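Trainee: Handing you this structure, nothing more for now.
The values are calculated or read from the model by the stated rules, or taken from the named source; none is laboratory data. Just so it is clear, the model here is predicted, and its values are computed rather than measured. Counting neighbours? That spans all protein chains shown, and the Cβs are built from the backbone with ideal geometry, glycine included. Heavy atoms of the whole protein, side chains included, go into the accessibility calculation; ligands, DNA and RNA do not. Shrake-Rupley method; radii C 1.70, N 1.55, O 1.52, S 1.80 Å.
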Amino acid sequence: MITLKVNGTSHELDISPDMPLLWALRDTLNLTGTKFGCGVAQCGACTVHVDGQAVRSCTITAGQVAGRTITTIEGLSGKVADAVTKAWQQLDVVQCGYCQSGQIMSAIKLLTINKKPTNKDIDAGMGGNICRCGTYVRIRQAIHEAAKTLA
């Protein structure tokens with residue numbers, strides 16, 4: 001048994017400790033907001049927060065995060081999360097939407113550590129998140145808009 005604390009709730013799961021966290025979230029806990037993209041931590045679609053750090057859930061195992069605090073897109077809350085999700089909606093950032101949960105998780109992490117990011121900071125902070133629709137300009141605008149809200 002592995003205990004995963006996800007979105008404020010502890011879950012006792014009868015899974016292998018080697019199971020990728022992504023599959024524990026999606027297949028075992030039915031939290032499907034976190035997406036499978038590349039499976040090798042290159043696209044960022046599977047980004048979640050573990051103890052406040054943005055991590056790729058496709059390459060970290062459930063055993064590695066047992067007992068730690070995991071936040072998925074479904075569990076977002078707080079001032080920064082509210083500012084980011086509101087900006088995403090106001091600027092109609094999403095096109096197909098597949099990568100957006102990972103993009104939002106990375107944007108929240110960026111704004112948590114940098115309240116006034118420059119374009120260069122945003123490009124660096126979001127560099128590991130790929131959007132095949134090419135919504136990068138709107139993502140950057142939304143991060144700036146969220147930063148204004150938080151100022």
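Trainee: With springs only between Cα atoms under 10 Å, which of 108, 15, 70 fluctuates most in a Gaussian network model of the chain?
Mentor: Highest fluctuation of the listed residues: 15.
Trainee: When the dipole is taken about the Cα centre of the chain, and only Lys, Arg (+1) and Asp, Glu (-1) are charged at their Cβ, what size is it in debye, to the nearest 20?
Mentor: In debye, rounded to 20, the chain gives about 560.
Trainee: Does segment 76-136 come out rounded, prolate or oblate, given a ≥ b ≥ c as the square roots of the eigenvalues of its C-alpha gyration tensor, rounded meaning a/c under 1.5 and, failing that, prolate meaning a/b above b/c? Each step should come with its number before you reach the end.
Mentor: Values: a/c = 1.71, a/b = 1.15, b/c = 1.49.
Because a/c hits 1.5 or more and a/b fails to exceed b/c, segment 76-136 counts as oblate.
Trainee: Let me ask something else about it. Among 44, 134, 102, which one moves the most in a GNM of the chain with springs linking Cα atoms closer than 10 Å?
Mentor: Most flexible of the set in this elastic network: 134.
Trainee: Output wanted: per-residue J couplings in Hz (rounded whole) for segment 73-78, from phi through Karplus 6.51 cos²θ - 1.76 cosθ + 1.60, θ = phi - 60°, x for Gly and Pro.
Mentor: 4, 5, x, 4, 7, x
Trainee: Further question: State the extension gain, in nm to one decimal, for the chain segment bounded by residue 77 and residue 118, taking 0.36 nm per residue of separation less the distance between their alpha-carbons.
Mentor: 12.3 nm
Trainee: Something else about it: Counting Lys +1, Arg +1, Asp -1, Glu -1, what net charge surrounds residue 32 among other residues with beta carbon under 10 Å of its beta carbon?
Mentor: Overall, the nearby charge balance is 0.
Trainee: Rounded to the nearest 500, what is the chain's calculated 222 nm mean residue ellipticity when only DSSP H runs of at least 4 contribute -39500 (n - 2.57) each, over all residues?
Mentor: Per the formula, -10000 deg cm²/dmol.
Trainee: Going by Cα centres, segment 89-151 and segment 1-47 are how many Å apart?
Mentor: About 23 Å separates the Cα centre of segment 89-151 from the one of segment 1-47.
Trainee: Enter the mean projected area of the convex hull around the alpha-carbon atoms of segment 1-66, in nm², rounded to one decimal. Don't skip to the end; give the middle numbers.
Mentor: Details: hull surface 15.6 nm².
Averaging across all directions leaves 3.9 nm² for the Cα convex hull.
Trainee: Continuing with this model, one more query. From the C-alpha gyration tensor of the chain, pull out the three semi-axes of the equivalent ellipsoid (sqrt of 5λ each), sorted largest to smallest, in whole Å.
Mentor: 27, 16, 13
Trainee: Tell me the per residue accessible area of the chain using a 1.4 Å probe; a whole number in Å² is fine.
Mentor: Counting only protein heavy atoms, the per-residue value for the chain is 50 Å².
Trainee: I would also like to ask the following. Measure off, as a whole percent, the carbon and sulfur share of the 1.4 Å-probe accessible area of the chain, all protein chains present.
Mentor: Details: 3770 of 7570 Å².
Using a 1.4 Å probe with all protein chains present, the chain comes out at 50 percent carbon and sulfur.
Trainee: Please arrange 71, 32 by accessible surface area, largest first, computed with a 1.4 Å probe and ligands excluded.
Mentor: So the residues, ranked largest to smallest area, are 32, 71.
Trainee: Now for a separate question. Compare the Cα positions of 29, 96, 107 along the charge dipole of segment 1-135 (+1 at Cβ of Lys, Arg; -1 at Cβ of Asp, Glu; about the Cα centre) and return the one farthest towards the positive end.
Mentor: 107
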